[in-house]
Ligand code: TRP
């Protein structure tokens, strides 16, 4: 039997190149390897845990994320793309899992901790937000996934998922596999910095390059990139470490020899930022052009995209129901079964 993948994203905005190198790229590779059965979730219920007052934002971004998926090469013939809220059974599974996790365990989740401090909830943390890692465990276990290709920040959720699977199996009998998280091998892809040099690229930080950015926007962003603030005149020796132009060239450039020569020249002095940025623009535009073009094609046919999501949700729901039946039986909830 093929190994199962489950992964996904919150629909709170368009996806950026950090999402691409951090997780989407791997998903497409795994999909195309033919060795996996892939389920890709647009996690709208999770997005609502901190956007309850703004369901319109979540609704609008479902289609944006779906377009980004199709644009990077996720193929509905090979991967099942679906919407979380269309599988209400996930909530039931979440509720059983809530009993297998303590509040103090949830308080130790580093990703949630960071999010809580960034979002400035103060003392008013929504209970739904605080417990979303449990719902995420339900997402993953609802199809009994083997592997979860994700960004590095999601590893604490997968750790919790494994603990929940273990507790469930111990209490009620062997039911779930313990899924494994998969992150990119190289550190820069695991955590692509923003164009401003901030250690993380993020929607709210305003330092992202989106998969859907047009050439003009891309150029503008690249020319505003953080380089070496002490490299003032072209002749000055420059730094390539922490210089976003070279960081991005390392991640996206194919001509490694040329990049190496540019770095040496830059360090020695005599190579200007504008020349480097022009080259980075060429590299990035070559990478983004096919993605952008495909996205525009699909955007002309939203009926097709919605239909794909509906079909994917139906298909996933059937599988989740099979697993949920086993869960109910394991716990012993089949009171009226003759
Ligand atoms: N937490 C993920 C994000 O912030 C989205 C997500 C929801 C997810 N359920 C998942 C990721 C299950 C992997 C597996 O984007």
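The values are calculated or read from the model by the stated rules, or taken from the named source; none is laboratory data. It should be emphasised that the depicted structure is a prediction, and the values quoted were computed from it without experimental measurement. No Cβ is skipped: glycine too gets one built from the backbone with ideal geometry, and neighbour counts run over all protein chains shown.
The rows are residues; the columns are (1) more than 25 Å from residue 189 (Cα to Cα); (2) not in a helix (DSSP H, G or I).
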| residue | (1), (2) |
| --- | --- |
| 231 | yes, yes |
| 240 | no, yes |
| 305 | yes, no |
| 312 | yes, no |
| 319 | yes, no |
Practice problem: Name the single residue, out of those in the range 110-132 being surrounded by 14 or more Cβ atoms within 10 Å (Cβ to Cβ) and within 30 Å of residue 322 (Cα to Cα), that is nearest to the chain's Cα centre (by Cα). | Solution: 132
Quiz item: Just one of 112, 143 is closer than 30 Å to residue 38 by Cβ and out of contact with any strand residue (DSSP E or B) (no Cβ under 9 Å at 6 or more places or on another chain); which is it?
Solution: 112
Exercise. Return yes or no: is residue 134 at pLDDT 95 or above, assigned to a helix (DSSP H, G or I) and within 14 Å of the ligand (Cβ to nearest atom)?
Key: yes
Quiz prompt | Residues of the range 146-165 that turn out to be within 8 Å of the ligand (Cβ to nearest atom), modelled with pLDDT of 95 or more and not in a helix (DSSP H, G or I), as a count | solution = 1
Quiz item: Could you count how many residues in the range 168-220 are assigned to a strand (DSSP E or B) and either assigned by TED's automatic domain parsing to the domain that holds residue 252 or closer than 30 Å to residue 94 by Cβ (or both)?
Solution: 3
Self-check item: Selection within the range 196-245 - surrounded by 21 or more Cβ atoms within 10 Å (Cβ to Cβ), within 25 Å of residue 116 (Cα to Cα) and in contact with a helix residue (DSSP H, G or I) (Cβ under 6 Å, 6 or more places away or on another chain)
Solution: 201, 209
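Table: residues versus (1) at pLDDT 95 or above; (2) within 22 Å of residue 12 (Cβ to Cβ); (3) assigned by TED's automatic domain parsing to the domain that holds residue 144.
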| residue | (1), (2), (3) |
| --- | --- |
| 32 | yes, no, yes |
| 39 | yes, yes, yes |
| 42 | yes, yes, yes |
| 45 | yes, yes, yes |
| 52 | no, yes, yes |
| 55 | yes, yes, yes |
| 63 | yes, yes, yes |
| 69 | yes, yes, yes |
| 74 | yes, yes, yes |
Quiz item: If you check every pair at least six apart or on different chains, which have Cβ atoms under 8 Å apart with a residue in the range 44-73 that is on the phi > 0 side of the Ramachandran plot first and a residue that is within 16 Å of the ligand (Cβ to nearest atom) and at pLDDT 95 or above second?
Solution: 73/28; 73/31
Quiz item: Out of curiosity, is residue 106 surrounded by fewer than 23 Cβ atoms within 10 Å (Cβ to Cβ) and under 25 Å from residue 22 (Cβ atoms)?
Solution: yes
Quiz item: If the Cβ limit is 6 Å and pairs must be 6+ apart or interchain, which residue in the range 23-43 that is farther than 14 Å from residue 150 by Cβ and in contact (Cβ under 8 Å) with a residue 60 or more places away in the chain pairs with which residue that is in a strand (DSSP E or B) and more than 10 Å from the ligand (Cβ to nearest atom)?
Solution: 36/3; 42/83
